[in-house]
C-alpha cells in the first residue's frame, strides 16, 4: 500500500478473526485493529475528519490554535495532524491519565493544560469550554459534539467493516464521545437488517465519579440512544481480564478499553450460542497497549493491576 | 427477594455512607420506592417526572436499564443494580 503522506494512510485497518476466543464455528468474533492507524488509535479518523471539515468551513487557517478536551488519543491524533498542517494545539487533559499520553502529546508539539482528576473528562470538557470562551481566536473542534466525528466512522470505519464482513450481525465498541458507535451504527443499520449495535462503557473507580453531582453529569451532544441496541457498563476488573485474555489467546496487545469492548462482545456471542443463532461479532481494538504500560495493567495479578488502575482514566 | 443496589459516592449521604444497600421490588420502579422508604430523599435524586433523571445511569447486572424497559424493567432475586452519574469519555 502506498500513500502520498502519513495523513493519507489513516484507516483501512485489518479485521482479524479470533479463532480461539470465538465460541463456535457459527458464532465468530472479529477484531477491527484500529491501533494500526498512524498514531496508533482509532481517533486518527475523527481527528482528520474534524480538521478537514473545519478547513473546508474556513474556521481553520494556517497558524491557527486548536483547543481540545481529551483524555489522550484524540489529542495525540490532532497533534500529529496539526504538526503536519501547521496548526498549534492545546489539549485539556485530566491529570489522572497515563504519562505516556503526555509524553506523546509533547513530542508532537502540543501544549497540555491539566484539569482536576476528580470528575474525569467531564472536568476537561468544562475547563476547555471556559478557555474557548476566554480565547475566541482559538478553534475548539469539540469531539463530543462535532458531527465530523461520527461521520468519519460512517464514511470509513463502517464501510470497511461491511466490505470485509458482509455477514456482520453485531458491532461492539467502547462508548466515549459515542462517535464510533453513532457512525458505524448508523451505517450498518441502513444496510444490515437486524444488526445489533452494542456499547461497552468503561466503569471507573470511585474517584472519577466521586465529586460529581448527579445534576452535573455529561452526555456527549453526539449521543443518540436510538442508534444503540444496548449498552453495558464494564468495570476495570473485567476490562483488565479480557485485555490479558486477548493477548494470551490471540496474541493481540491492546489497550484496556479494548478489554471492555471484548467483554461485551463475548457476552453477546455467548447469548447467540445460547439462542442457537449464527453471529459475526465485530469489536473495536481502539488502541494498542503501549500507552498503558506504566499503569501496570499487564503485570502481576489481576487484583494488583486493578488496584493500580483505581482512579485512572483507562479509556 | 433481595436485590443489591450499589450507590455512588454522591448519593451516600442518603444511605449513611453505605456503598451498597439491599432493597426489594419486582420492577426498578418498585425498587426505587422501597429505597425511598428506607432512605428518604433518594428517589428525587434518581427520578424526575416519572423517568430516570437525565444524568443518572442505572444498570441491571451491568446492562443499561434504558434499553431494558426503563423504570418498568423487571428484576429478579439476586440481581445487582448499579447507579452511576453520567461521565464523559474520549
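The values are calculated or read from the model by the stated rules, or taken from the named source; none is laboratory data. It should be emphasised that the depicted structure is a prediction, and the values quoted were computed from it without experimental measurement. Glycine also receives a Cβ, built like all others from the backbone with ideal geometry; neighbour counts cover every protein chain displayed.
Numbers below:
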{"quantity": "Hits in the range A:86-104 - residues which are in contact with a helix residue (DSSP H, G or I) (Cβ under 6 Å, 6 or more places away or on another chain) and within 17 Å of residue A:51 (Cα to Cα)", "calculated": "A:89, A:91"}
{"quantity": "Subset of the range A:1-30 that is part of a strand (DSSP E or B) and in contact with a helix residue (DSSP H, G or I) (Cβ under 6 Å, 6 or more places away or on another chain) - its residue that is farthest from residue A:74 (Cα to Cα)", "calculated": "A:27"}
{"quantity": "Odd one out for residue A:159, checked against (1) within 12 Å of chain B (Cβ to nearest Cβ); (2) closer than 20 Å to residue A:17 by Cα; (3) surrounded by fewer than 24 Cβ atoms within 10 Å (Cβ to Cβ)", "calculated": "(1)"}
{"quantity": "Single condition residue A:223 does not satisfy, out of (1) under 20 Å from residue A:119 (Cα atoms); (2) at the interface with another protein chain (Cβ under 8 Å from one of its Cβ atoms); (3) surrounded by fewer than 24 Cβ atoms within 10 Å (Cβ to Cβ)", "calculated": "(2)"}
{"quantity": "Meets criteria (within 14 Å of chain B (Cβ to nearest Cβ), over 30 Å from residue B:45 (Cβ atoms) and crowded, with 22+ Cβ neighbours inside 10 Å) for residue A:176", "calculated": "no"}
{"quantity": "Positions within the range A:285-300 being surrounded by fewer than 19 Cβ atoms within 10 Å (Cβ to Cβ) and either under 30 Å from residue A:11 (Cα atoms) or modelled with pLDDT of 90 or more (or both), in sequence order", "calculated": "A:288, A:290, A:293, A:294, A:296, A:298"}
{"quantity": "Residue in the range A:267-274 that is over 14 Å from residue A:31 (Cβ atoms), part of a helix (DSSP H, G or I), within 23 Å of the chain's Cα centre (by Cα) and modelled with pLDDT of 90 or more present", "calculated": "yes"}
{"quantity": "Residue check for residue A:106: more than 14 Å from chain B (Cβ to nearest Cβ) and over 28 Å from residue A:217 (Cα atoms)", "calculated": "yes"}
{"quantity": "Residues (assigned to a helix (DSSP H, G or I) and over 15 Å from the mean Cα position of the chain (by Cα)) located in the range A:250-263", "calculated": "A:250, A:263"}
{"quantity": "Failed item in (1) outside any helix (DSSP H, G or I); (2) touching a helix residue (DSSP H, G or I) at 6+ places or on another chain (Cβ under 9 Å); (3) farther than 28 Å from residue A:120 by Cα, with residue A:55 passing the rest", "calculated": "(1)"}
{"quantity": "Residues within the range A:116-146 that are over 18 Å from residue A:47 (Cα atoms), more than 11 Å from chain B (Cβ to nearest Cβ) and outside any helix (DSSP H, G or I), tallied", "calculated": "5"}
{"quantity": "Criterion: more than 28 Å from residue A:97 (Cα to Cα), free of Cβ contacts under 8 Å to residues at least 24 places away in the same chain and in contact with a strand residue (DSSP E or B) (Cβ under 8 Å, 6 or more places away or on another chain) - qualifying residue of B:46, B:68, B:75", "calculated": "B:68"}
{"quantity": "Which listed residue is away from chain B (no Cβ under 14 Å) and in contact with a strand residue (DSSP E or B) (Cβ under 8 Å, 6 or more places away or on another chain), from A:266, A:246, A:228, A:240", "calculated": "A:246"}
{"quantity": "Pairs, first without any contact (Cβ under 8 Å) to a residue 60 or more places away in the chain in the range B:1-14, second assigned to a helix (DSSP H, G or I), C-beta under 6 Å, six or more apart", "calculated": "B:9/A:206; B:9/A:210; B:14/B:42"}
{"quantity": "Residue in the range B:55-90 that is farthest from residue A:127 (Cα to Cα), counting only those that are within 7 Å of chain A (Cβ to nearest Cβ) and part of a loop (DSSP other than H, G, I, E, B)", "calculated": "B:62"}
